1. I'd like to verify a number: residues in the range A:162-172 that are under 16 Å from A:Arg16 (Cα atoms) and either surrounded by 24 or more Cβ atoms within 10 Å (Cβ to Cβ) or within 7 Å of chain B (Cβ to nearest Cβ) (or both), how many?
2. Kindly indicate whether A:Leu15 is in a strand (DSSP E or B) and within 14 Å of chain B (Cβ to nearest Cβ).
3. Can you give me the ranges of the strands (runs of 3 or more DSSP E) entirely in the range B:560-656 with at least 3 residues that are within 12 Å of chain A (Cβ to nearest Cβ)?
4. Under 30 Å from B:Val764 (Cβ atoms), within 14 Å of chain A (Cβ to nearest Cβ) and in a loop (DSSP other than H, G, I, E, B): is that true of B:Gly801 in this structure?
5. Can you tell me which of (1) in contact with a Phe, Trp or Tyr (Cβ under 9 Å, 6 or more places away or on another chain); (2) more than 11 Å from chain A (Cβ to nearest Cβ) is the one B:Ile278 doesn't meet?
6. Name the single residue, out of those in the range B:804-833 being under 24 Å from B:Leu639 (Cα atoms) and among the β-branched types (Val, Ile, Thr), that is farthest from the other protein chains (Cβ to nearest Cβ).
7. Quick check on the range B:532-545. Is at least one of its residues more than 30 Å from B:Arg258 (Cβ to Cβ), free of Cβ contacts under 8 Å to residues at least 60 places away in the same chain and buried (at least 21 other Cβ atoms within 10 Å of the Cβ)?
8. Just a yes or no: is a residue in the range A:76-95 touching a strand residue (DSSP E or B) at 6+ places or on another chain (Cβ under 6 Å) and farther than 24 Å from B:Arg791 by Cα?
Amino acid sequence: MADLTPITPLGGTTLRSETIGALRIAEGDDWALASVAARAGQAQAVGAGLRELTGLDLPGPGGMASAGDWRALWLSPESWLLAAPLAQEPDIADTVKRPVGDGASVTEQTDAWVRFDITAPDDDRLWPLLERLCNIDPACAGPGTATRTVMEHLAAILLREGAGRAAVLGARSSAASLHHALVAAARSVA
Amino acid sequence: MSRARLPSGGQIDRARRLEFRFDGRAYTGHPGDTLASALLASGVRLMGRSFKYHRPRGVLTAGSEEPNALVTLRSGARAEPNTRATVAELFDGLEATSQNRWPALGFDAMAVNDWLAPFLTAGFYYKTFMWPASFWERVYEPIIRRAAGLGALSGRDDPDDYDKGFLHADLLVIGAGPAGLSAALTAARAGVRVILADEDFRMGGRLSAEAFALGDQSGADWAAGAVAELADMENVRLMPRTTVIGAFDHGVYGAVERVADHLPIPPEGKPRQTLWRISTSRAILAAGATERPIAFADNDRPGIMLAGAMRAYANRWAVAPGKRVALFVNNDDGLRTARDLAAQGVRVTAVIDPRADAPDPGIDGARHLPGAVVTGSAGRLGLDTIIVRSAQGKEFRIDADALAVSGGWNPNVHLTCHQRGRPVWDDALAAFVPGPDLPAGMTVAGAAAGTFSTHGALHAGHAAAAEALAALGHKAPAPDLPQAEDAPVTLHPFWHVAGKGRAWLDFQNDVTVKDVKLAHQENFRSVEHMKRYTTLGMATDQGKTANVPALAIMAELTGKSIAETGTTIFRPPYTPVALGTFAGRARGRAFKPTRLTPTHQWAEAQGAVFTEAGLWLRAQYFPRPGETHWRESVDREALAVRASVGLCDVSTLGKIDIQGADAAEFVNRVYANGFAKLPVGRVRYGLMLREDGFVMDDGTTARLAEDHFVMTTTTANAVPVFRHLEFARQCLWPGLDVQLISTTDAWAQIAVAGPQSRTLLQRVVDADHDLSNEGFPFMACGAVTVCGGQRARLFRISFSGELAYEVAVPARYGQALMERLMAQGADLGVTPYGVEALNVLRIEKGHATANELNGQTTARDLGLGRMVSDKKDSIGAVLSRREGMMREDGLHLVGLRAVNADSRLAAGSHLLERGAGAVAANDLGWVTSACWSPHLEAPIALAFLKGGARRQGETLRAVNLLSGQDTEVAVVSPHFIDPEGERLRG
């Protein structure tokens, strides 16, 4: 195995985690990510191939689906982001490419993103934070949704993991700015 | 002790006392007070000095429309000038100071301006300070600015934070008076998501200020009950202390919530204010109405206030406005003030009503003077006498230390006009009411729509909510509204009392009836011209109390109706907003996000100096101990690359993953040069043109598989190029089967450059990969593993002109790879280099960057004209062949070398013939990039030179007038180093 020591998106050797009032904001880097874009006329075949691999049905716009260790979220028309535990899928693009073959374009995205897991006791205490970060209507972003948005001028995806739980995916290079925005907003509402 | 506080009543907590200071003196008030009510209760009437004439001023209103009582709130860095005492919520320890006075509020030396008033009329700047012209900026303007004006900024950084946020609702109700509360209750009971916002800290609007009953409750109690019911509902968000400042497109409203303005300082980490962007399907504007004064001579004396405000001070804050109160009103609503004051035990001395048939309010001991007008006032620093002219024309004085004035009410139509709607004049109400062109989804209810009675407002609120609910697909519950007064509007329009003396219209900007007359006389008759000539309505209160009376006077002067005269434009924000609120948290280093490279922390630990490249921070150079000047570091780094091997983090270059059955065709169409035949495992330099034929970007693109390319863009153009490609994919050629995604952040990419680069890489790349010149030649690329199995990509490309590679690993391993390369190359003298050395190396090699690709250059200008293939079509190819872009005397990229190695050469210098004057007509081009070449030991540069292709060997001058440089330069090839490219192929 390679003997290189990774660093976290925030540039540390350990993952950062803050608890601010009832909110917890934790840096995460344990998801392997691959984008899958169906090629012309191949969406159905791609869906079938990936169902076999992951056990899930690819979601529609704004949606997220999960089955077992796999999850899929919608990115753009006929394009999705697939996630699985990195320890299990160190070369996720290769894993995903196999069942879809020439039917889809697959690109490794694991280190393109930083993930922050946000935990609150319930949605009522989660949204005061989120409404300071992004222009998303809570009524349209319940558990099981994945909404592309902008936070701190940065493109981001808000994943609703469950009641009181969310994850934010943002560009890895601006992880520190996104983290700063999340923490500042959390202090503001804590 | 409170001198003017009534013994009972008011919505104040008398059990608690709040200490505060005004101009250094200690006072007390109660929770529920505003600064204005607490000062009035303490017998303080004089609160400020006017803008231009330094006239003593007190409160005119009891709300956000206040033009007079402007103070500086708080002190030190938190001092906030020009805040309205009428809306400043009192807190313990509040400090306020008066403004625009010297040495003191009671004695202001600048009040001499008042005597100079004949010279300071409308437009006086334009007439008075004409000569000499040069005096304007240096002499006149500073004097005027010192003499006039209001509060001053502290000049220090605001220590507080301001938030921004986004809210979503089915219905936004703006204003929590009777109409707003009724609307909110109706909608909330139907189950839709309601936001109810009110600028006041106490919801209730006029219900808090009036004495009449709603059913068997006081208005204030009914309002409190309604607010309590709403507060308990999950689908309702109550937002007191929140001003809706603007109505924008698509149901978006801006709102400022004063989160902590009523606290001494905001709690740690908490914002002072929050700027909300509210998206709503429907909105009900229930913003109420603003009372307007009647202008008469010296109507600005402290003690003269609007009748409704006086009622509010008496009813809501239990403040007696004076000991002998007179009224000057032209409508029945104003007469309520007399009744309410009398009921509170305040002595009313006279009711002056210009209506000949004015009803007598029947106040004991008060003279009722129908058909009379107030013609003047007297009193030092505050009112003690009014001068009245009776219906019979007889003038006499009446003792009065307070005068309530009402000329009627103006519906607050502001938000109905933010999308260029115009209000319409209603003769029956003598007021502008909302016009037909409302922002989409908005309904207006209550006084804002000209429905002034409480009964009318309650029912209009319900009806507006029912209409909104119907639009939302809900049914409104039956109204459950209390009995309330339903008095009609009885008013005789009356705007100003003719006569001598100055009668104020715009109190904040010191504009009088005479100024409007002067504007008319000087032909500034359109309302927009009148506004700008007199400055009426241009102060921070935006003329809320001044505009309509001024329009009426202009209408009188021009002989037109008020409807024909029209209004000026209403613009957001509805009330003043601190710039810090708009900035939010985007200030200082948080102004914009920052992007960090995968080796940022490592570079920091090496002591790197960083520079900004767009949002990126990149290592500029790595100073070593003993180096005293950046050039020493840069020279060392550049020489090390040419002599041995250097490392540079180039992850910032844009990386776009292009896949699909038609990926090759797509790349071939977006680049000007051919890519269709690029073999798998090879990289090619690509030149990308815009549709207009100018160069957009350049970079290398690697073919990883038949259907898979990775395109590299310049750092600056990563996003524009991606956008350009998406446009081409989605709009130009939707038939091509191609998919794009950015992978810029996914990979850490390190340039390994210099004659020893292969040696170093062979120590890091796993042994089963052949890196020999034959096995991995110049422009090869492929997947490799490094450091014992780590997946990586290797590209043999060179920006420096040396034997060079770029190696990419997943971003998390970038730092470790950099450290490994440093460790493995120690014996080779491996040297990290920053963008400064990178720049030197590429100038020496004649490679273009953003300095040359500035959006105005063609492939031909760059000496790359032959790259634009004529064997295929590509974006920009046709337009790049336009005649004007093919001129022989057009600009060409050339190299420059200073004739004298000790001279200086700066980018931006212009090129001139020897002996030619430094004027534009002699301009031959300009220097785009310049550096000291440690390799050539001379200043060198890249430049665009007219007809440059034919001018090699000539000597010109590079002239920089800004820094006074005039440098002799030889025109040479832009390829200073290894023009044949032997090194990079070695």
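Where a number appears in this text, it was derived from the coordinates with a stated rule and is not lab data. What you see is a predicted model, and the numbers here were worked out from it, not measured in a lab. Every residue, glycine as well, gets a Cβ built from its backbone with ideal geometry; the counts of neighbours run over all protein chains shown.
1. If we filter the range A:162-172 for residues that are under 16 Å from A:Arg16 (Cα atoms), which is where we start, we get A:167-170, A:172.
In the following step, the residues that additionally are either surrounded by 24 or more Cβ atoms within 10 Å (Cβ to Cβ) or within 7 Å of chain B (Cβ to nearest Cβ) (or both) were identified as A:168-170, A:172.
Looking only at that region, the number is 4.
2. On the way: in a strand (DSSP E or B): no; within 14 Å of chain B (Cβ to nearest Cβ): yes.
No: the conditions fail for A:Leu15.
3. B:616-621
4. Details: under 30 Å from B:Val764 (Cβ atoms): yes; within 14 Å of chain A (Cβ to nearest Cβ): no; in a loop (DSSP other than H, G, I, E, B): yes.
The answer is no for B:Gly801.
5. The number of the failed condition is (2).
6. Of everything passing the filter in the range B:804-833, B:Thr831 is farthest from the other protein chains (Cβ to nearest Cβ).
7. Residues of the range B:532-545 more than 30 Å from B:Arg258 (Cβ to Cβ): B:532-534.
Imposing the further condition that a residue be free of Cβ contacts under 8 Å to residues at least 60 places away in the same chain reduces the set to B:532.
Checking the rest, the ones that are also buried (at least 21 other Cβ atoms within 10 Å of the Cβ) come to none.
The answer is no; no qualifying residue exists.
8. First pass over the range A:76-95, keeping only residues touching a strand residue (DSSP E or B) at 6+ places or on another chain (Cβ under 6 Å): A:78-84, A:86, A:89, A:92-93.
Among the residues that remain, those that are also farther than 24 Å from B:Arg791 by Cα are: A:78-79.
Yes, the range A:76-95 contains a residue that is touching a strand residue (DSSP E or B) at 6+ places or on another chain (Cβ under 6 Å) and farther than 24 Å from B:Arg791 by Cα.
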